[in-house]
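The values are calculated or read from the model by the stated rules, or taken from the named source; none is laboratory data. Values in this document were obtained by computation on a predicted structure and should not be read as measured data. Every residue, glycine among them, receives a Cβ derived from its backbone with ideal geometry; neighbour counts consider all protein chains shown. Only protein heavy atoms, including side chains, enter the accessible area calculation; ligands, DNA and RNA are left aside. Shrake-Rupley method; radii C 1.70, N 1.55, O 1.52, S 1.80 Å.
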Amino acid sequence: MLIIGLTGSIATGKSTVSGILSTPPYSLPIIDADLLARKVVEPGSAGYKAIVNYFGPSTPDLLLDDAPPNPSGKPLNRPALGRRVFGSTEERKRDRAVLNGIVHPAVRWEVYKALIYYYLRGQWAVVLDVPLLFESGMDLICGTVIVVGVHDPEIQMARLRARDAHLTAEDAENRVRSQGDAEFRGTTTARGVVVWNDADKAELETAVKSAMTSIAASSPRWWAWTLLVAPPVGFGVAAWNLVVNFATKKGWERKKQEEKAKL
Ligand SMILES: CC(C)(COP(=O)(O)OP(=O)(O)OC[C@H]1O[C@@H](n2cnc3c(N)ncnc32)[C@H](O)[C@@H]1O)[C@@H](O)C(=O)NCCC(=O)NCCS
Ligand SMILES: Nc1ncnc2c1ncn2[C@@H]1O[C@H](COP(=O)(O)OP(=O)(O)OP(=O)(O)O)[C@@H](O)[C@H]1O
């Protein structure tokens, strides 16, 4: 099964692209890390308890007071938690790392379970929509990666604020600044494709079509079926893929560090 990583900075259009890929002619299953990240912090879960323990004492509005009663606890006030973790100060970075440390392992586990489910159902490909694909290391298991990018940060900011009207300009800036640069994602994606989303949705559909044509050409369906009916070959190829991805990523990181050192 081909795992197609889908990533990009906030509000660049990942969900819009996954919407296109989930419908004909592609009809691919989507594993959405944002949705899983919500599931693993529902009241009563281990993630919820860890967040309340760490952030509760210093965040008075961490829980939603006006939510319908729930015996497992009041739901998290996500915008309030967002204000604690998004931004570029040392404190925000530290808190973000703590939150990521709670949420990411649980999300990863949910992703693996979903991958096994789709593999057993005989899917030829699956889309793994993860905003922090490279940072979380999940790029290593992907056969290819689609990076969604917007050249103009003004467009990105305008779309973010139009979609999430509750965010102030400062909240939106902090969210955009909380992610690694798109260039890092783009250059690490030597084995993938970048889909630019600066224009309208019709142009986005054309860009997705062209990306999928090149992906399907480099990983045809018959190859996915061969891997499915011969599991030892499938596992061998997956292991090889992991090694190649790891080596490619290390190579890029080394190159970036050398370039930084030269400055
Ligand atoms: C801070 C939280 C509660 C804010 O929730 P909210 O509902 O307001 O935003 P939502 O979860 O829909 O995220 C919106 C976008 O923000 C960006 N984002 C989310 N978490 C992070 C993060 N830790 N670092 C950088 N960007 C992030 C992504 O582009 C994401 O698509 C939430 O984002 C969260 O729990 N983040 C940590 C988990 C995480 O990394 N999720 C991303 C997928 S694994
Ligand atoms: N080409 C486009 N033209 C106009 N609006 C667009 C376009 N692409 C996406 N949008 C809108 O921009 C907003 C952000 O898009 P989307 O939710 O797909 O981004 P995302 O990358 O999934 O965001 P997040 O990182 O927050 O999960 C949405 O309201 C979407 O409808």
Is it fair to say P105 is closer than 17 Å to D34 by Cα, touching a His at 6+ places or on another chain (Cβ under 7 Å) and either in contact (Cβ under 8 Å) with a residue 40 or more places away in the chain or away from ligand 2 (no atom under 16 Å from the Cβ) (or both)? no
Restricting to the stretch 12-37, and then to whatever is touching a residue at least 12 places away in the same chain (Cβ under 8 Å) and closer than 27 Å to A67 by Cα, can you tell me which residue is farthest from ligand 2 (Cβ to nearest atom)? L36
Restricting to the stretch 1-27, what's the tally of residues that are outside any helix (DSSP H, G or I), open to solvent by less than 10 Å² (accessible area, probe 1.4 Å) and more than 14 Å from ligand 1 (Cβ to nearest atom)? 1
Note: among L115, L128, L81, just one is within 16 Å of ligand 2 (Cβ to nearest atom), within 21 Å of S15 (Cα to Cα) and touching a residue at least 12 places away in the same chain (Cβ under 8 Å), namely L128
Does the stretch 172-186 contain at least one residue that is modelled with pLDDT of 90 or more and within 11 Å of ligand 2 (Cβ to nearest atom)? no
Flagged in the stretch 139-155 as buried (at least 22 other Cβ atoms within 10 Å of the Cβ) and within 16 Å of ligand 2 (Cβ to nearest atom), in numbering order, are V145, I146, V147, V148
Would you pick out the residues in the stretch 204-235 that are out of contact with any Leu (no Cβ under 7 Å at 6 or more places or on another chain), farther than 27 Å from I20 by Cα and open to solvent by less than 40 Å² (accessible area, probe 1.4 Å)? A230
Please count how many residues of the stretch 127-182 are among the hydroxyl-bearing types (S, T, Y) and more than 21 Å from G82 (Cβ to Cβ). 1
Output the helices (runs of 4 or more DSSP H) that fall wholly within the stretch 32-136 and possess 2 or more residues being open to solvent by 30 Å² or more (accessible area, probe 1.4 Å) and more than 30 Å from I146 (Cβ to Cβ), or say none. 46-55, 78-85, 90-120
